[in-house]
Amino acid sequence: MKKLARLMAFVMAAVLPVQVFAAFECNVKIKAVLVYGDGMVNVLHTGRGDYTVICNLNSNWGVVSPTTCAMWTAVVLGAKKRDALATFYFPGEGSCATLNTYGSAAIPTYVGELSTPQ
């Protein structure tokens, strides 16, 4: 019985870190960017097909400061203008297609531009 308990504890310890650090990335085209009067930045991209809030220009959105939000907004607007791929990296389980929408969306860890088509 003790061996089984030890084995189970070992298996849980080995599997738990994988679950805790799970994450996903969306490499997408930006279709539209909306900036609301309250500072929310809402993005429509090819990975979801509906709007997802990425940050707020007036106040912290999770750990994302207004300064970082301004930079992210410039990145997504630039990617849209250049028809380049943008990347959004999210902590936790999920996929681009199943992101919650609007203000319920997961907060990205980072936002970037991947490439400009030739």
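Filter the range 40-63 for residues that are in a strand (DSSP E or B) and farther than 16 Å from A86 by Cβ; which is nearest to the chain's Cα centre (by Cα)?
The first filter runs over the range 40-63 and keeps only residues in a strand (DSSP E or B), leaving 40-45, 51-56, 61.
Remaining after also requiring farther than 16 Å from A86 by Cβ: 40, 56, 61.
Working: M40: 15, N56: 14, W61: 12 Å.
Here the answer is W61.
Restricted to the range 22-39, and to residues that are more than 11 Å from the chain's Cα centre (by Cα) and of a type in the set (D, E, K, R), which residue is farthest from K80 (Cα to Cα)? Only one residue tops the list, namely D38.
Filtering the range 57-80 to residues that are open to solvent by less than 10 Å² (accessible area, probe 1.4 Å) and in contact with a helix residue (DSSP H, G or I) (Cβ under 9 Å, 6 or more places away or on another chain) leaves only V64.
Among T101, T109, which is hydroxyl-bearing (S, T, Y), under 20 Å from A23 (Cβ atoms) and touching an Asp or Glu at 6+ places or on another chain (Cβ under 9 Å)? That would be T101, the only listed residue that is hydroxyl-bearing (S, T, Y), under 20 Å from A23 (Cβ atoms) and touching an Asp or Glu at 6+ places or on another chain (Cβ under 9 Å). Within the range 81-118, the set of residues being polar (S, T, N, Q) and open to solvent by 70 Å² or more (accessible area, probe 1.4 Å) comprises T98, N100, S104, T109, Q118. Can you pull out the residues in the range 64-75 that are part of a helix (DSSP H, G or I) and under 19 Å from S104 (Cβ atoms)? Result: C69, W72.
Scanning the range 21-34 for residues that are surrounded by 13 or more Cβ atoms within 10 Å (Cβ to Cβ) and out of contact with any Gly (no Cβ under 7 Å at 6 or more places or on another chain) gives E25, N27, K29, I30, K31, V33.
The values are calculated or read from the model by the stated rules, or taken from the named source; none is laboratory data. As the structure is a computational prediction, the values presented were derived from the model and not from experiment. Ideal geometry is used to build each Cβ from the backbone, glycine not excepted, and the neighbour counts take in all protein chains shown. Please note that ligands, DNA and RNA were not included when accessible areas were found on the heavy atoms of the full protein model with its side chains. Shrake-Rupley method; radii C 1.70, N 1.55, O 1.52, S 1.80 Å.
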